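Chemist: Have a look at the structure that comes next, please.
The values are calculated or read from the model by the stated rules, or taken from the named source; none is laboratory data. Since the structure is predicted, the reported quantities are computational estimates derived from the model, not experimental observations. FYI the Cβ positions are ideal-geometry reconstructions off the backbone, even for glycines, and counts take in every protein chain you see.
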Amino acid sequence: TMGWGVDESQTFPAILERKTGMKALNAGIPSYGTAREMLLLDRLDTSSLKYLVIQHCNNDIDENISFVNNNYKLQLTPFPVYKAAMKSYELSRKYFPGKNFLMISQIWMKQQVNRVYPLFKFSETYSTAFDAKEQAAYFLKILLRFREKLKNVKIIVSNIDIYKYHDNKFSEELSRQIQEDPHAREMKNIVVVNSTSELLNKDYFILDYHINASGHEKVADKLLPAIDVMK
């Protein structure tokens with residue numbers, strides 16, 4: 001949602017703002033799971049809020065499980081773990097002339113070799129196995145925890161992930177669980193949109209698993225009918 005690698009004007013919140021004529025606040029923050037996204041609402045002025053678009057991602061699950069199992073409270077990361085993560089991040093961010101060219105060339109060459117023989121295994125930025133049922137269950141638990149705050153807001157849930165998981169069943173599973181949960185059915189203000197069904201490999205960055213400008217355009221087009229229907 002933040003629009004990693006694209007201009008602010010190219011993000012799907014900005015596109016939705018232009019196409020609907022309504023003011024949009026892009027509150028996307030890197031690494032935030034559903035738990036912190038909901039807690040963020042306490043720090044924002046939501047007095048005029050009409051629509052809330054929530055983007056779910058596969059790697060939200062660790063934070064969401066921890067939050068629910070800790071009586072809906074965030075747990076602090078142990079300092080040694082935090083320090084190690086920061087060191088790793090700083091190393092990956094260091095730039096030297098030709099860095100991106102060398103990285104892209106390396107990936108391209110491995111892909112060409114793999115066409116002949118699957119010699120190289122490409123690593124993922126995270127390896128959490130995608131269990132749509134579990135992902136949806138914890139997402140819904142958190143959403144229902146904040147249902148009083150969201151009772152007058154139209155909620156649109158989307159799912160954007162790395163290309164490997166772009167055809168997951170999260171949207172279908174969440175829709176099913178909403179229909180089976182009496183508290184969720186009472187809300188009557190949740191719409192689930194499969195915003196990734198038309199995303200292709202070219203809609204993602206080469207050196208990164210975030211969607212590029214064309215990906216944001218497609219996501220906005222998927223979300224737009226949900227806003228129109230809810231007006």
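Chemist: Sort out which residues of region 202-218 are surrounded by 12 or more Cβ atoms within 10 Å (Cβ to Cβ) and not in a loop (DSSP other than H, G, I, E, B), and write them in order of number.
Modeler: 203, 204, 211, 213, 214, 215, 216, 217, 218
Chemist: Would you confirm whether any residue within region 177-196 is among the charged types (D, E, K, R), part of a helix (DSSP H, G or I) and closer than 23 Å to residue 59 by Cβ?
Modeler: No, every residue in region 177-196 fails to be among the charged types (D, E, K, R), part of a helix (DSSP H, G or I) and closer than 23 Å to residue 59 by Cβ.
Chemist: Something else now. Got at least one residue in region 79-88 being closer than 27 Å to residue 158 by Cβ and among the hydroxyl-bearing types (Ser, Thr, Tyr)?
Modeler: no
Chemist: Within region 142-177, which residues are more than 18 Å from residue 68 (Cα to Cα) and either touching a Lys or Arg at 6+ places or on another chain (Cβ under 8 Å) or polar (S, T, N, Q) (or both)?
Modeler: Answer for region 142-177, where residues must be more than 18 Å from residue 68 (Cα to Cα) and either touching a Lys or Arg at 6+ places or on another chain (Cβ under 8 Å) or polar (S, T, N, Q) (or both): 152, 153, 154, 158, 159, 168, 171, 173, 175.
Chemist: Among the residues that make up region 48-69, is at least one of them in contact with a strand residue (DSSP E or B) (Cβ under 8 Å, 6 or more places away or on another chain) and farther than 17 Å from residue 140 by Cα?
Modeler: yes
Chemist: Another question about this same structure. Run down 144, 199, 223 and say which single residue is crowded, with 18+ Cβ neighbours inside 10 Å, outside any loop (DSSP other than H, G, I, E, B) and in contact with a helix residue (DSSP H, G or I) (Cβ under 9 Å, 6 or more places away or on another chain).
Modeler: Testing whether each residue is crowded, with 18+ Cβ neighbours inside 10 Å, outside any loop (DSSP other than H, G, I, E, B) and in contact with a helix residue (DSSP H, G or I) (Cβ under 9 Å, 6 or more places away or on another chain) leaves just 223.
Chemist: Another question about this same structure. Would you tally the residues in region 24-47 being at pLDDT 95 or above and either charged (D, E, K, R) or touching a strand residue (DSSP E or B) at 6+ places or on another chain (Cβ under 8 Å) (or both)?
Modeler: Residues in region 24-47 being at pLDDT 95 or above and either charged (D, E, K, R) or touching a strand residue (DSSP E or B) at 6+ places or on another chain (Cβ under 8 Å) (or both): 3 in total.
Chemist: Continuing with the same structure: Which condition number in (1) out of contact with any helix residue (DSSP H, G or I) (no Cβ under 8 Å at 6 or more places or on another chain); (2) touching a residue at least 24 places away in the same chain (Cβ under 8 Å) is the one that residue 209 fails?
Modeler: So the condition that residue 209 fails would be (1).
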